[in-house]
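Values in this text are rule-based calculations from the coordinates and carry no lab data. Computed from a predicted model, the values in this text were never measured in an experiment. Using ideal geometry, Cβ is built from the backbone for each residue, glycine included, and neighbour counts are taken over all protein chains shown.
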């Protein structure tokens with residue numbers, strides 16, 4: 001996926017989880033943060049950030065904050081809408097007979113439903129922006145919704161579906177994502193239950209540029 005118009009700036013502060021104040025070099029701008037997670041290890045004073053121009057001229061904020069430069073790691077894409085777009089681009093290369101987004105199964109809305117050779121597939125997508133010592137971790141804040149989705153995949157697997165959870169790694173140099181049990185131990189427990197039930201874990205490593213995010217096929221691992 002490609003952002004058509006970007007601008008580099010410096011991060012100043014985040015008054016709340018929805019907005020940030022940045023220095024564009026020609027003035028101070030209030031921008032929308034496209035990630036409601038904490039991102040506290042990323043959004044530090046004066047770090048370089050990337051802004052994407054909004055396509056809505058009537059919006060209060062002209063730009064979205066989509067990426068942050070982390071020392072020793074490079075650009076980290078924090079756009080929470082990007083993982084599903086990138087995953088869909090990747091799925092389009094996998095020769096499925098059918099791909100449907102936002103699929104309702106039981107009492108959950110799963111990101112993707114696919115069919116291939118008569119086999120039904122369900123895939124839930126999670127974006128990973130938290131890195132520690134070269135390892136990715138998810139989540140960076142408690143996610144009851146994420147736990148619910150894993151339990152839904154366990155149920156679907158018992159009913160004959162191929163099921164997977166894909167972690168879109170929105171940064172370079174990272175090839176593995178582990179559950180962040182310090183932040184949300186229940187997610188780690190649910191992930192282990194899912195793996196034991198036959199749910200596949202997929203790591204989609206990405207190439208991150210200031211204006212794009214794409215899957216790096218050499219960093220795709222399916223467990």
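Can you give me the distance in nm between label points at residue 223 and residue 197, each placed 7 Å from the Cα along the Cα-to-Cβ direction?
Those two pseudo-labels are separated by 1.7 nm.
Quick one: helix 185-196 against the long Cα principal axis of the chain, what's the angle to the nearest 10°, folded into 0 to 90?
40
With the Cα gyration tensor of the chain in hand, give its eigenvalues times 5 under a square root as the equivalent ellipsoid semi-axes, listed largest first in whole angstrom.
Numbers: eigenvalues 200, 69, 51 Å².
Over the Cα atoms of the chain, the ellipsoid semi-axes are 32, 19, 16 Å.
Report, in degrees rounded to the nearest 10, the 0 to 90 angle that the Cα long axis of helix 144-158 makes with the longest principal axis of the chain.
The angle comes out near 20 degrees.
So what's the convex hull volume per residue for the Cα atoms of region 6-77, in Å³? Intermediate results must be reported in sequence, preceding the final value.
Working: hull volume 6.1 nm³, N = 72.
Spelled out: Cα convex hull of region 6-77, divided by residues, is 85 Å³.
If only Cα atoms are counted, what is the Rg of region 71-182, and what is its Dmax, in Å?
14.8, 47
According to the square roots a ≥ b ≥ c of the eigenvalues of the Cα gyration tensor, what is the shape class of region 128-187, taking rounded for a/c under 1.5, prolate for a/b larger than b/c otherwise, and oblate for the remainder?
Numbers: a/c = 3.03, a/b = 1.64, b/c = 1.85.
Oblate.
Roughly how many Å is it from the Cα centre of region 16-54 to that of region 74-134, as a whole number?
Distance between centres, Cα-based: 26 Å.
For helix 82-91, report the angle its Cα long axis makes with the longest principal axis of the Cα atoms of the chain; keep it between 0 and 90° and round to the nearest 10°.
Helix 82-91 and the main axis of the chain meet at about 40 degrees.
Springs between alpha-carbon pairs under 10 angstrom, Gaussian network model over the chain: which of 95, 32, 121 fluctuates most?
Taking springs between Cα atoms under 10 Å, the residue moving most is 95.
How much length is gained if the chain between residue 40 and residue 216 is pulled fully straight, taking 0.36 nm per residue apart and subtracting their Cα-Cα distance, in nm to one decimal?
On the way: separation 176, 0.36 × 176 = 63.36 nm, distance 2.64 nm.
Working it through step by step, the gained length comes to 60.7 nm.
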